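What follows is a set of notes on a single structure, which appears directly below.
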Amino acid sequence: MKLLLTFSKKKNREPVIAQVVKETGVLISVERAHIDSTSGEVLIDVPDTDAPRICALMEAKGITVRILEHGISRNQDECVDCGACVSICPKEVFYLDAEHQVHLRDERCVLCGKCIPACPHRALSQTL
Amino acid sequence: MDKSIALINQRIREGTAQVVTADRMPALVEELGEDRALKEVDVVTTGTFGAMCSSGAFLNFGHADPPIRMERVWLNDVEAYGGLAAVDAYIGATQQSTTLGDQYGGAHVMEDLVSGHVVELRGISRGTDCYPRRNITTELTIEDLNQAMMMNPRNAYQRYNAATNSTDQTLHTYMGTLLPNRGNINYSGAGCLSPLSNDPTFRTIGGGVPIFLCGATGMVVGEGTQHSPAGGFGTLSVTGDMKKMGPDFLRAATMHQYGVSLYVGIGVPIPILDHDMVRSTAIRDEDITVDLLDYGVPRRNRPALRRVSYAELKTGKIEVNGEEVRTSSLSSYRKALEVARTLQGWIQKGTFELALPTRRIDPTVSARPMRETALVPRVRDIMNTNVISISEDESIRSAAKTLLKGDTNHLPVLNRDGTLVGIVTTYDVSKAVVKEEKNQKVKDVMTTRVIKTSPDEHVDVAAQKLERYNISALPVVDNQNKMVGLLTAIDLGKLFGKRWQK
Ligand code: SF4
Ligand code: SF4
């Protein structure tokens, strides 16, 4: 399950993710991180069964946690199956099948947002 | 045995014509041989569905009461060309909305019209004795128009060069988003399904030929603008009745940070008259090659990195200088197939007959570049040659002094033989002063990845660099990286204030 963590640098000076890994023994994979001087946003992937425990712990440490149920979403009415998104995505979420139709491997998506402006038909969006 | 177009049309009417889509033709000819293919195939249908900026429509709105001679016309805030008769206008696909910018444009107006949506018309006039009215605002659907004639001066490119980007910045182009350091390759066109690739000598494609256009029956007008078949880049101008079109094969698009375009679906039926037509429609993706161009070079003649076929492009990755790069199509092959199959269905049902050109298209010409009569300013024309610079071993203190004395914010840093090695700004120096580290030298605080220009570069290209990197000065270097001048935003400002701009 993918969790989006938002934290402010002022409050969290500790290595929270490392602490949670240590306390729970759950291996957390960091898929994307954006951190600047005042705040940060980190997308992590954890086993579904451990997610409630991890959420609770993170929240106790002052982090806002949002569960991301879906990756990028596509409006089928707007999509023309061009495939412009295919080579843009760093996670190879999009692929063409033998019928030249574009499909999504939703579970790979880390919601980096790169494909959204690259779609000429405005078919992609981030539903939160 | 050669076949006449009359015989093919008779078979179409009788419902016995054999029609195949162009993608199947190579295998069919291989299997049957040319003689039997000629006997058994009457028509090959082609198709393409991609961005075609050179598209638009003539619209006639009918007269208002009291009547108005519209001089300027807007449809949903997108200006249409009104320099025609009183209530005619031409809506161009790439024109952008005055309120929504590149999120809505002429292409979107066209899509809204063929979808049956309401569109707001605004027109203004100075008023004449016969047309006293000065302005009008009304809501219309395509039903309310007398005519909506799609008229596209350039569609159906035979093939198109693929694009990549070797600079270290993402580029937003009409060829889509190009990732830095050759991070991806974009291409366009349907390859073996593309209409003009199946008849490159224009024997059966020409003026007057009926075609599939955006879901309706259209017609080839003649050669398209920029028609350049000698090099394999033929184009068509086409027309069709927009009232019969639908949004399945006419879609507005926005190329991010480039602008609005229109995706157009076109299919041309090709009569299999003789062996030559069998051979030309048996073309494969492997046979159609284009250059892979570097869009990092903003010139008319962009350097080609290699030659590549549609077959390779369609695999999803190709090799460039030993590295594998992923490819993306901007046009839709699925939709192109849908076009070819729809046209195939029409012909099989007997509702669409073929015709030979009434006006031939020249297959030998090449498009010429623009003739430019005014001098295009180069960096050397406006750069500052009296540049104060500094050497890398000088102290921060002396850099500060030089900045102050020279009344400048940028100091190019040169090594002993005058080669540019970095740049320091007032900001870098102030930061170093605040930090108070001992014995800091210029080389410790300078930026070494310098964005620079050359004396020969066009001023507009240099201006684009200043804007893109959000900087205010560019060192000018020769091809040995020796500094020859400095170009600042102020120099550019002077230029645009004066001579070259009207
Ligand atoms: S770029 Fe947009 S329209 Fe093209 S396949 Fe991807 S989602 Fe569909
Ligand atoms: S948001 Fe990023 S990871 Fe997800 S599909 Fe788009 S480009 Fe790929």
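The values are calculated or read from the model by the stated rules, or taken from the named source; none is laboratory data. Every value quoted in this text rests on a predicted model; they were computed, and no experiment measured them. Backbone-built Cβ (ideal geometry, glycine too); neighbour counts: all protein chains shown. These accessible areas exclude ligands, DNA and RNA; they are computed on the full protein's heavy atoms, side chains included. Shrake-Rupley method; radii C 1.70, N 1.55, O 1.52, S 1.80 Å.
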**Report entry** List of segment B:321-337 residues, accessible area with partners at least 50 Å² below that of the chain alone (1.4 Å probe)
**Finding:** B:ARG326, B:SER328, B:ARG334
Query - Value of relative contact order over chain A, rounded to a whole percent, pairs C-alpha under 8 Å and six or more apart - result: 26 percent
Query raised in the report: Taking segment B:283-387, which trypsin sites (Lys or Arg not before Pro) meet the DSSP loop condition and have no more than 13 other C-beta atoms within 10 Å?
Result: B:ARG299, B:ARG300, B:ARG371
Report task. Leaving ligands, DNA and RNA out of it, rank B:GLU319, B:GLU79 by accessible area with a 1.4 Å probe, largest first. Result -> B:GLU319, B:GLU79
Report summary line: Averaged over residues of A:100-106, the number of beta carbons from other chains lying within 10 Å of each residue's Cβ is 2
Requested in this report: Go through B:MET370, B:MET277 and list them by solvent-accessible area, largest first, probe radius 1.4 Å.
Outcome: B:MET370, B:MET277
Report task. Convert each backbone phi in segment B:276-285 into a coupling constant with the Karplus relation 6.51 cos²θ - 1.76 cosθ + 1.60 (shift: θ = phi - 60°), then list the ³J(HN,Hα) values in order as whole Hz, x for Gly and Pro. Result -> 4, 6, 4, 5, 6, 7, 8, 4, 10, 4
Query raised in the report: For B:ASP456 and B:GLN169, FRET efficiency with R0 = 22 Å and r from the beta-carbon atoms, rounded to 0.05?
Result: 0.55
Query raised in the report: When the chain is fully extended, how far beyond the present Cα-Cα distance does B:ARG300 get from B:ARG416, taking 0.36 nm per residue of separation?
Result: 38.0 nm
Report summary line: Taking Cα atoms, the helix B:459-469 axis meets the longest principal axis of chain B at an angle in degrees (rounded to 10) of 80 degrees
Requested in this report: Return the average number of partner chain Cβ atoms within 10 angstrom of each residue Cβ along peptide B:239-251.
Outcome: 1
Query - Sparse-neighbourhood loop sites, trypsin sites (Lys or Arg not before Pro) in segment A:48-128 - DSSP loop, at most 13 other Cβ within 10 angstrom - result: A:ARG105
Query raised in the report: To the nearest 10 Å², what's A:TYR95's accessible area with a 1.4 Å probe?
Result: 80 Å²
Requested in this report: Give me a single rounded figure for B:42-54: the average over its residues of other chain Cβ atoms within 10 Å of their Cβ.
Outcome: 1
Report task. Quick one: go through segment A:21-62 and flag any residue whose amide nitrogen is under 20 Å from the point 7 Å out along the Cα-to-Cβ line of A:ARG108. Result -> A:29-33, A:43-47
**Report entry** Relative contact order %, chain B, counting alpha carbon pairs below 8 Å whose residues are six or more apart
**Finding:** 17 percent
Query raised in the report: Can you list the residues, at least 5 places off or on another chain, whose amide H is less than 5 Å from the amide H of A:ARG32, using H built in the peptide plane?
Result: A:LEU43
Query raised in the report: For A:CYS85, which sequence-distant residues (separation of 5 or more, or a different chain) have an amide H within less than 5 Å of its own amide H, given hydrogens modelled in the peptide plane?
Result: none
Query raised in the report: In whole angstrom, how far apart do the alpha carbon centroids of segment A:89-128 and segment B:233-264 sit?
Result: 23 Å
Query raised in the report: In nm, to one decimal, how far is the A:GLN19 label point from the B:THR225 one, both placed 7 Å along Cα→Cβ?
Result: 6.4 nm
Report summary line: Checking segment B:214-265 for chymotrypsin sites (Phe, Trp or Tyr not before Pro) in a loop per DSSP with at most 11 other beta-carbon atoms within 10 Å yields none
Query raised in the report: Taking Cα atoms, how many degrees apart are the long axis of helix B:426-435 and the longest axis of chain B, rounded to 10 and kept between 0 and 90?
Result: 50 degrees
Report summary line: For segment B:399-409, Karplus-derived ³J(HN,Hα) couplings (6.51, -1.76, 1.60; θ = phi - 60°; whole Hz; x for glycine and proline) come out as 4, 4, 4, 4, 4, 5, 4, x, 6, 9, 10
Query raised in the report: Restricting to lysine pairs 8 or more places apart or on different chains, what number in segment B:198-346 have Cα atoms under 23 Å apart?
Result: 4
Query - Cβ-derived FRET efficiency at R0 35 Å, A:ARG122 paired with B:THR137, nearest 0.05 - result: 0.80
Query raised in the report: Under a 1.4 Å probe, what is the accessible area of segment A:15-128 per residue, stated in Å²?
Result: 52 Å²
Report task. For the protein assembly as shown, with all protein chains present and a 1.4 Å probe, just round the carbon and sulfur fraction of the accessible area to a whole percent. Result -> 48 percent
Requested in this report: Find how much the distance from B:ASP276 to B:ASP2 grows on full extension, using 0.36 nm per residue of separation minus their present alpha carbon separation; answer in nm with one decimal.
Outcome: 97.6 nm
